[in-house]
Every structure is written in structure tokens, then in C-alpha cells.
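The values are calculated or read from the model by the stated rules, or taken from the named source; none is laboratory data. What you are looking at is a predicted structure, and each value in this text was computed from that prediction instead of being measured. Neighbour counts are summed over all protein chains in view; Cβ atoms, including those assigned to glycine, are modelled from backbone coordinates with ideal geometry.
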Amino acid sequence: MDSTVVGTGTEGNTWDGGNKPLKASYGKMMMWFFILSDALTFSGFLAAYGFSRFKFIKEWPIADEVFTHVPFLHGQELPMIYVAFMTFILIMSSVTMVLAVDAGHHMNKAKVTLYMFLTIIGGLIFVGSQAWEWATFIQGDYGAVQTKGGNILQFGKYETVDGKEKFKRVSIEDLAIATASERTQHERKNGLWYVDESPLPPFSVNEIYEGLKANEDVLVRTQIINEEGEKTILSREESLKRIKEDGKLVVKGANLVVNEYGTSLFADFFFFITGFHGFHVFSGVVINIIIFFNVVLGTYERRGSYEMVEKVGLYWHFVDLVWVFVFTFFYLV
Amino acid sequence: MAHEHKLEIFRGLWKFKSNTQKIWGVLAFLTFVTAIEVVLGIYKPDVLMHTWMTPFEGGFFATLGNIIFSAFIYMKPLNLIFILLTIVKAYYITWDFMHMRDETKGLRRAVVWTGVFLICYLIFILLQEGGYVFGVYNGEDALIKRDF
């Protein structure tokens, strides 16, 4: 062999190959670079959210007024509390994950099993909470009227609470005066066969207008943010005029087309970004379950290394890391 | 098999006896930071709701000043605090939960600098453009109508 292969004379030197300058295994390093690229995807979404928000900076919904619900505490306005709880759950499951990794370093199978299990539970609680958050958001709160230009008009009245005048929202159910329905929903079985339409709004704009006329103290709130950082409230005459002239559609809740809380882009980004994050959490839970069973079966015990737990741990922490940013930019800022 | 962990955070101000203890310490810190964010988010102190500086007016140096102090001129202090606290949280999650602290300098820089550079670039471009579109929509000669 020596006669056919010419040695370079660099054996044992830096460029001879076989050395590992980053001192990390292939799998771990690739997990890091996957995380890097995924982080860029998420920041692309969040930056796009920022773009749209800057574009409509004077009329963007105020998160504190949108996400006010907490399960089992019906009818109370508690902004932030539930998301803070969700954040804590996710950080907590990150902790159990890192404890599992640490136990893996000590080759302690029982502890790895326990901590992996707790991590999975934390992940499931988080995904469940997110589902609830979505359901509440889709379900809607007070309802609103959408104008011809696609803007949102909400209703409310001034009430004195503890000696202070506060603007309290009024829901469309309480406001509307039901009249005989002008039309029914077109279903597949009637008229043109196999052609249907989406469900009709609960009320017509006319019913809302009649209700507004009958309730002297109810005012309209537009989506424009004023100097004090609050949404503009119109005078009584303006309110009636806006609904009469511009009102087009009664909306309740939010979906990809309409959004009772304000500009529909807000709902689109909410579904897209928290949805994409939720999908990451879900796939993280699935991967965690697979690794959990491998741990239980003793695969890593036989392999002599729990590095696999470490790699999926990296992914799991990344999901937590992304949530920290989503939390800030969707709920805080 | 030796797994070396650096067992101190805050540049050695807070030392731990074992890796497990460090994890709980970092959890306590992250929970504390989140609690501050939530309390600020609920109460919104008035002092933090208005920018502390107004834009400089005048020639080249005013523009330069506006760029240098942009975080104080164009952002509410409350939002600035939120963003800084978020980055602090992200740092401790990456460094202590993901053990970036224990990786080699090369791996750390390859991952972190690439991300930080590209993300800063992306944010700059998109937010700059968003602000510009806002100007086009809301300028005195704007050609769009909100309701018709």
C-alpha cells in the first residue's frame, strides 16, 4: 500500500481529518443547526407580524382587551393571567426536561423515566391550554359591527365603578332588538342543489341599529387608537350615524375572514403564529413520547449513553424559547 | 464519562454546588422575570407609558441622534423593558437549559451569531418598511379611504 498512496506528510496535524473542533456529536450539532433555521422561520413570522402592526399601528387591537378569559372564572376580566400560567407551565416542563438530561448523564434510568413523563404531561397541559385559548378567541366575546371598509365598530357604555367613569362593553345579544328575519340560510338541500353558504350572522345590522336607537346610553367605539392609547369612543349622534351609514355585517368571534376585536390581520397572525408554535409543541410531545418509551425499554441503557434524550431536550427547550418571544410580542408589547 | 458543567451564573455572582441546583436556580430567576413582566403588563405604570425623549429636530446630527436613541425616542419604555427582559430570558434558556454555556466557543458562535445577525436584519427591514407603508396610508396626500 505504501508504494501506491503518497503520504501528505501531515498525519496527526490539524487538516488531517478526524479531529472534532466543536467537540459535539454529529446529531447534536445538526439539532443545533435545525434549531437555528427554525428560529429564523419563527422570526420571519414575528417580523411579518411586526410589519403588519406597524402598518396599522393606529388601529391594532389591544391584547389586554382581547385575551381576558381564564377557565372557570366566567365573566371576569383577567388579562394576562392565563397566558402567564401557560408560560410558567412551559418553562416548568423545560426544567423537568433538563433534569431528565442531567439524570441521563448519571445513567439513572428511573429518574430519566420520571422526568420525561412529567415533561410530556407539561406539554399536554400547554397544548390543551392553547386549544382552549383558540376556542375562546373563535367563540368571541361581545360581538361587533363590521363596516363597508372592513373596520370594526364595538359597543359599550360609561359606568361608574368605584367613583371612576369606565367604558364597559355591551354585547350585541343585549343590544339587538330581534325583528322578523329577512332571510334564512341557504342550505344544500334547498333551491340550487349542493350549493350552500356559510352561516348567517346572529343579527342583522338593522336589528343592531334599532337596539342602539332604543338604548340611549350606548356608544360606539372605533378601532382608532387615540392620544391616551385607548380606542376612540364616538358621541351619540356619531355612533348612530356610523352604524346607519357604514354598518354592513354583524360579526361575533374571529376567524380568518372577520375578527370582532379589530383588524382581521390580527386574527390571521394569531392563528398562524400560535398555531405553528402549537404544532411544534405537539410534535415535541410526540417525539418525547417515543423517547420516553425507548428509555423505558432500556434502549439507551444498553447503548451506554442518553444523548438521544439530550437532543430531543434541545428541541423541547427551543419550543419554550419561541414561546417566550410569542408571549412578549402577542400579549405584552 | 465526564460531563463538565459550568456551575455559576451572573458572571460568577451566583454559584451552585451541582447541576441540578443550578437548574432550579435558573427556574427561580426565569419565574421572577416572568412575574415582573406580568405585573408590569397588568398595572402599566403611567411613567412607562410615554416615551422619555422626543425626536431631535434639525440637520444631520439630529437624524443621527434619532437613530442612536431610537429605542428611547420611538418606543414606550414599558415595551423596551419587555423586550429586554425577553432577551434576558432567552439567554438563560439557551445558556443553561440548552447547555450552550458548556459548548465550545466555535459551536456557540456558529449558532448564536448567525441567528442574531439574520434576525436583526430581518426585523430592521420589515419594521422599516411597515413604518413607511403607515406613512403612505396616513399621509396628507394619502389616496386610500377607510370607509366608503
Original post:
Out of (1) more than 8 Å from chain A (Cβ to nearest Cβ); (2) at pLDDT below 90; (3) surrounded by 12 or more Cβ atoms within 10 Å (Cβ to Cβ), the odd one out for residue B:147 is which?
Top reply: (1)
Subject >> Residue check, residue B:48 in contact with a Lys or Arg (Cβ under 8 Å, 6 or more places away or on another chain) and more than 9 Å from chain A (Cβ to nearest Cβ) >> reply: yes
**OP:** Tell me which residues, restricted to the range B:1-31, are closer than 20 Å to residue A:104 by Cα, away from chain A (no Cβ under 12 Å) and touching a residue at least 24 places away in the same chain (Cβ under 8 Å).
**Re:** B:6
Original post:
What do you reckon, is residue A:312 within 14 Å of chain B (Cβ to nearest Cβ) and at negative phi?
Top reply: yes
**OP:** Filter the helices (runs of 4 or more DSSP H) completely within the range A:65-180 down to those with at least 2 residues that are over 20 Å from residue A:332 (Cβ atoms) and either touching a Cys at 6+ places or on another chain (Cβ under 6 Å) or among the aromatic types (Phe, Trp, Tyr) (or both).
**Re:** A:109-139
Original post:
In this structure, is residue A:220 in contact (Cβ under 8 Å) with a residue 60 or more places away in the chain, hydrophobic (A, V, I, L, M, F, W, C) and either in the same structural domain as residue A:152 (by TED's automatic domain parsing) or touching a His at 6+ places or on another chain (Cβ under 9 Å) (or both)?
Top reply: yes
Original post:
Across the range B:69-83, which residue is surrounded by the most Cβ atoms within 10 Å (Cβ to Cβ) among those that are of a type in the set (A, V, I, L, M, F, W, C), facing chain A (nearest Cβ under 10 Å) and not in a loop (DSSP other than H, G, I, E, B)?
Top reply: B:82
Original post:
Looking only at the range A:1-55, which residues are modelled with pLDDT of 75 or more, assigned to a loop (DSSP other than H, G, I, E, B) and in contact with an Asp or Glu (Cβ under 9 Å, 6 or more places away or on another chain)?
Top reply: A:22, A:23, A:24, A:25
**OP:** Report whether or not residue A:293 is facing chain B (nearest Cβ under 10 Å) and not aliphatic (A, V, I, L, M).
**Re:** no
Original post:
Within the range A:136-190, can you find the residues that are touching a His at 6+ places or on another chain (Cβ under 9 Å) and modelled with pLDDT under 90?
Top reply: A:141
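For the range B:103-119, which positions are closer than 18 Å to residue A:45 by Cβ and facing another protein chain (nearest Cβ under 9 Å)?
B:115, B:118, B:119
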Original post:
Any residue in the range B:84-105 that is over 24 Å from residue A:34 (Cα atoms) and surrounded by 15 or more Cβ atoms within 10 Å (Cβ to Cβ)?
Top reply: yes
Original post:
Could you count how many residues in the range B:122-136 are at the interface with chain A (Cβ under 7 Å from one of its Cβ atoms) and either more than 26 Å from residue A:39 (Cα to Cα) or not acidic (Asp, Glu) (or both)?
Top reply: 8
**OP:** Go through (1) within 14 Å of another protein chain (Cβ to nearest Cβ); (2) surrounded by fewer than 22 Cβ atoms within 10 Å (Cβ to Cβ); (3) among the aliphatic types (A, V, I, L, M) one by one and return the number of the condition residue A:322 breaks.
**Re:** (2)
